[in-house]
Each structure stands twice: as C-alpha cells, then as structure tokens.
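Only one structure is covered here, and it is reproduced in the block below.
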Amino acid sequence: MLSIPRDTRVFIPGIGKTKIAEATYFGGVPEMIRVIQNTFHVPIDYYAYMSMFQFEKVINDMGGLTVNVPQNEVYEANGDPLGINLKKGIHHLNGKQVLEFARFRETQMGDIGRIQQQQQLLRDMAQQMLKPQNIIHWPKIAHDVIQALSYTNLSVNQLIALGLAAQHVPLHTVRFATVPGYGSTYMDPYMHQQLSYWTYDPHLTNILIQDVLLASPLTKTQKKSLKIFIASGTSTLAPAEELAHLLTAQGYSVVGIGWANHHNHHRTVILNTTGDKWLGSRLASLTGPSVSSFTAYHTTPWDVKITVGTDFSPPKS
C-alpha cells in the first residue's frame, strides 16, 4: 500500500505544477488517475473513492475502533464541527473520533505523520474486522461500504470477492510505504500565491515502487544507488568498517564511515528516510539486533544512516 502525500507537487495538464490533491478538483477521479499514472508510471486498473464522512459511518457500523493515540491531539475543539480533541493512550473510539485521528496533521512530521496514522488505522481496522466475533457485522458493513463508494469501477461482485479474499491475507505481509521527499514552497500556477508542497524524490520513489508495489527484487543499479552512511557508536571503527564491507558485498553504496555523537551506544540504530520500511528490515538482517525507524522525510545526503552499537552481530554466513 503506497500513500501519496496530498501536497505532492506534480504536473496537471492545462494547469502546471500544483498539488496532486487538486487533480480531482480540475478533472475528477479520471484526472487523478491520469496524473498518478503519468507521474509514477504505475498502472491503475481499479479505483474506489470514499468521503471522510462516509468513512465515519463505516467505523460506527464496526462498533468503533480501538486506537493507540501517540500524543494529545487537539485542534480548535471548542464548538468547531471539524475540531479535534483526543487524549494520548489506547482508547476505543467512535466514528467521529477515528475520523479526527485520521485528519490530525500537527504531528512532528506534519502531513507525513498524519499519513502514518492513517496507515495505522487501516491496519487496526483490518485486525478488528478479521476477529471471529466480528464476522456477524460483515454483511451490514459490506452493504454500507458499497453504498459509501461515491466513485468506483469495481462491480458489487468484485467488491464482495475482494472482501472475502482479504480474510486470507496475513496482515504482517501487507507493506505500507509513503512517497519520499521534502517540504518546499513554490508559487502556485492556479492560486497565484506561495504554497507549501511536498517535493517527491523521483529516484527513491522508483525504488520504493519496485520494492513495495511491484514486489520485484531491486536491480544492481538500484541497490548501488542507495546511499548509506555508517556511524560508529563504539570505541572503535572496526564494527562500522565490518558492516560497510557487508553492505558493499550486498551491492549497496556506503558513502561514508564516521563517529557517532558518543561511543557508548548499546543498540544499533537504523534511520531509514526512503519511505520504505521493508527496505530497512532487510538492512537490519545484516546488523543483528537493532532499533529501526523510518520516515518519508528525505533531507539528508544519505538515504539510510546506521549507527553501530555494541550489540552489532553480523550474520555468520
């Protein structure tokens, strides 16, 4: 599953470079499909569009949803119908509250943080729906989802078949990714004012699409084009140099080896800015125990930074 930030700067014919979310405004769902295909070179065979208020009803029909809210999420909550007021912690939320969670964007990473919360919601919804005690809700929810889809070229039979097939998909095999890039400001060709955009990284996006959407092994050229920096968090550079040798043998590019901020790191840490969590997990297989974090926010000269700690234990073969 690939999330495209709504502020991604793309070319819309007849308009110029503007936010991808505007494609539906200028040409509806068909224009959005054309823009995505032309920008990311991914064929789109089917589509389904659901408004956020219809989404709220589906959650209520599920009996609500248990969600881990990572922080207090408050935004103009006093009397504003679009206000948000959620407390940190694990809560069972109703449809309106789940929608608030999906909409909240004042995270440390802004809209990218919101996307990660939305991906979390989809996984939480799937886990709840697939519990045996919730099967009795399926007919009603299926009916409401079909009614809620404002625009789709999937037939009712296809939608039902997809729903039945979903119960056989192990959730741990579902890959979530986000188009990587960085925040930027440009003059909008339609609004004629400076707006904030998400400038995507074409190189990393192509790698992500092949790795996540197409599930194809990266080519030698793609692996070599990934830039990895290794920092030693121990008293010697030897473990970092050993990891560099392993990564180079795997076909990756190590762009530098240096010292971490201190020399008593007990855990190896992988910071992955490619938007592709699964790529980071494969790199972790070369380090042994590690703490991995990933983001789509790419503002560094490297794509992945690995800080080697004292727990570094490379594979024996």
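The values are calculated or read from the model by the stated rules, or taken from the named source; none is laboratory data. As the structure is a computational prediction, the values presented were derived from the model and not from experiment. All Cβ positions, glycine included, derive from the backbone under ideal geometry; neighbour counts span all protein chains shown. Quick note on the areas: whole protein, heavy atoms, side chains included, nothing else; ligands and nucleic acids left out. Shrake-Rupley method; radii C 1.70, N 1.55, O 1.52, S 1.80 Å.
Taking volume of the Cα convex hull per residue in Å³ as calculated from this structure, the corresponding entry among (i) 171; (ii) 160; (iii) 137 is (i).
Run a plain Debye calculation on segment 46-164 (Cα atoms as equal point scatterers, no solvent) and give log10 I(q)/I(0) at q = 0.15, 0.17, 0.19 Å⁻¹, rounded to two decimals, same order as the q list. Debye output, listed in q order: -0.72, -0.91, -1.09.
How much area per residue is accessible in segment 2-133 when the probe is 1.4 Å and only protein heavy atoms are counted (Å²)? Before the final figure, lay out the partial values.
Details: 7050 Å² over 132 residues.
I get 53 Å² per residue for segment 2-133.
The per residue volume of the convex hull around the alpha-carbon atoms of segment 188-317 is 123 Å³. Once C-alpha pairs closer than 8 Å and six or more residues apart are averaged by separation and normalised to the residue number of the chain, the relative contact order reads 16 percent. Based on Cα contacts under 8 Å between residues 6+ apart, segment 229-290 shows a relative contact order of 37 percent.
Would you mind getting the accessible area per residue of segment 163-317, heavy atoms of the protein chains only, 1.4 Å probe, in Å²? Before the final figure, lay out the partial values.
Numbers: 7890 Å² over 155 residues.
Accessible area per residue: 51 Å².
List the aspartates and glutamates whose Cα lies under 13 Å from the Cα of Lys316, skipping any in the same chain that are fewer than 8 positions away. Lys316 reaches Glu242.
Would you mind calculating the relative contact order of segment 1-128 from Cα pairs under 8 angstrom and at least 6 residues apart, reporting the percent as a whole number? Walk me through the intermediate numbers first.
Numbers: 155 pairs, mean separation 21.9, N = 128.
Rounded, it is 17 percent for segment 1-128.
Between helix 238-249 and the chain, what is the angle of the helix's C-alpha long axis to the longest principal axis, kept within 0 to 90° and rounded to the nearest 10? The two axes meet at around 60 degrees.
Distance between the pseudo-spin-label points of Val255 and Arg123 (7 Å out from Cα toward the beta carbon): 2.8 nm. Counted without the sites themselves, the longest stretch of the chain free of chymotrypsin sites (Phe, Trp or Tyr not before Pro) in a DSSP loop having at most 16 other beta carbon atoms within 10 Å is 48-189. With both labels modelled 7 Å from their Cα along Cα-to-Cβ, the Ser216 to Ile136 distance reads 4.8 nm.
Applying both filters, DSSP loop and at most 10 other Cβ atoms within 10 Å, to the trypsin sites (Lys or Arg not before Pro) of segment 231-317 gives Lys316.
For every other residue with a beta carbon closer than 10 angstrom to the beta carbon of Phe229, add +1 if it is Lys or Arg and -1 if Asp or Glu, then tell me the sum. Write down the numbers at each step before the final one.
Details: positive: Lys227, Lys305; negative: Asp303.
The answer is +1.
Apolar share of the accessible surface for the chain: 57 percent from carbon plus sulfur atoms, 1.4 Å probe. Ordering Met109, Met32 by accessible surface, largest first, gives Met109, Met32; the 1.4 Å probe counts only protein heavy atoms, with every chain in place.
So what's the back-of-envelope 222 nm ellipticity for the chain, counting only DSSP H runs of four-plus at -39500 (n - 2.57) apiece and dividing by all residues, rounded to 500?
Values: 10 runs with 111 residues, N = 317.
Rounded to the nearest 500, the figure is -10500 deg cm²/dmol.
Each residue, Tyr182 and Arg6, gets one label point 7 Å from its Cα in the Cβ direction; the gap between the two is 2.5 nm.
When GluC sites (Glu not before Pro) are flagged only if DSSP places them in a loop and at most 15 other Cβ atoms lie within 10 Å, the longest unflagged stretch of the chain comes out as 107-317. Placing a label point 7 Å from the Cα of Glu106 along the Cα-to-Cβ direction, the residues of segment 63-87 whose backbone N falls under 18 Å of that point are 69-87.
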